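Here the structure comes first, spelled out in structure tokens, and everything after it is commentary.
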Amino acid sequence: MTDRVRSTFLEAQHEAAVALAASSGILDLTPLEGRPPDRYIADFRCRSLVRDGDTVLLAERFIIGIRIPDDYLRTFRPEQVLTVLAPLNIWLPNIRGPLLCPGHMAPGTPLVDLLFQIHEVLAGQRLTLDEKWALNPLACAWARDNRHMFPVDPRPLVRRHVGGDAGWTGPPPAAGTRAPASARRQSSRQGSVRP
């Protein structure tokens, strides 16, 4: 028997995430399994840091697997939802490949919000600077000592309109939610967030 609540949730997430990817010059999103899909490959083309031996380098492509498990509307466990697929040597406090922690997420977090937070983590716009909370304590200490390097990529996930409105141009937030934090921060500096 099909769970109608889950199916409706997945359909809405798919539509919003595809619209977000279409409006982004940074994200390609590939749905994988299910009708509606519950697994995605998110290909982010943004600058971030990787470590090769003792050297920290810039990289520009990051592939993240996303799985929306059956209990996603009741609980959020990053290790069941997010998997760093490539590269595994990302050098950020919130990532220790294949694990990625986007920060606190509530059960049923919209996929669009999750994609915004993944981008913020990868681009070094969202950092954990306390080893107690970091997945990668060594990268955390390094980031704290090298704060001038952050954000590594200041670009927003979505494009802006050319012309008068410099607000968020992604799909509207899901009913009952606010625009992603990155959009709210952008808008507080540049204008209002559009619904």
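Of the residues that sit in segment 46-60 and are exposed (fewer than 14 other Cβ atoms within 10 Å of the Cβ) and not acidic (Asp, Glu), which one is nearest to Asp153 (Cα to Cα)? Within segment 46-60, the match that is nearest to Asp153 (Cα to Cα) is Leu58. Return the residues of segment 28-57 that are in a loop (DSSP other than H, G, I, E, B) and within 16 Å of the chain's Cα centre (by Cα); say none if nothing qualifies. If the condition is that a residue be in a loop (DSSP other than H, G, I, E, B) and within 16 Å of the chain's Cα centre (by Cα), then Arg45, Cys46, Arg47 are the ones that fit.
Only residues that are surrounded by fewer than 22 Cβ atoms within 10 Å (Cβ to Cβ) and assigned to a helix (DSSP H, G or I) were counted across segment 117-142, and they come to 5.
Among the conditions (1) within 24 Å of Val158 (Cα to Cα); (2) in contact with a Leu (Cβ under 6 Å, 6 or more places away or on another chain), the only one that Gly25 does not satisfy is (2).
Here segment 66-104 is the region considered, the condition is being among the β-branched types (Val, Ile, Thr) and without any contact (Cβ under 8 Å) to a residue 40 or more places away in the chain, and the residue that is farthest from Phe116 (Cα to Cα) is Thr75. If you check Leu114, Leu88 for being modelled with pLDDT of 95 or more, assigned to a helix (DSSP H, G or I) and either hydrophobic (A, V, I, L, M, F, W, C) or in contact with a Ser or Thr (Cβ under 9 Å, 6 or more places away or on another chain) (or both), only one passes: Leu114. Scanning segment 63-75 for residues that are farther than 17 Å from Pro98 by Cα and surrounded by 13 or more Cβ atoms within 10 Å (Cβ to Cβ) yields Pro69, Tyr72, Leu73. Note on segment 92-101: residues that are in a loop (DSSP other than H, G, I, E, B) and either of a type in the set (Val, Ile, Thr) or surrounded by fewer than 24 Cβ atoms within 10 Å (Cβ to Cβ) (or both) total 3.
For segment 153-174, indicate whether the set of residues that are touching a Lys or Arg at 6+ places or on another chain (Cβ under 8 Å), in a loop (DSSP other than H, G, I, E, B), at pLDDT 95 or above and buried (at least 18 other Cβ atoms within 10 Å of the Cβ) is non-empty. Yes. Number of residues in segment 23-42 that are buried (at least 17 other Cβ atoms within 10 Å of the Cβ) and either in contact with a Cys (Cβ under 9 Å, 6 or more places away or on another chain) or of a type in the set (Asp, Glu) (or both): the value is 3. Contact annotation: residue pairs with Cβ atoms under 6 Å, 6 or more positions apart or on different chains, pairing a residue in segment 115-141 that is within 21 Å of Asp54 (Cα to Cα) with a partner that is surrounded by fewer than 17 Cβ atoms within 10 Å (Cβ to Cβ) and among the basic types (Lys, Arg), are Leu129/Arg144.
The values are calculated or read from the model by the stated rules, or taken from the named source; none is laboratory data. What you see is a predicted model, and the numbers here were worked out from it, not measured in a lab. All Cβ positions, even for glycine, are placed from backbone atoms using ideal geometry, and neighbour counts span all protein chains on display.
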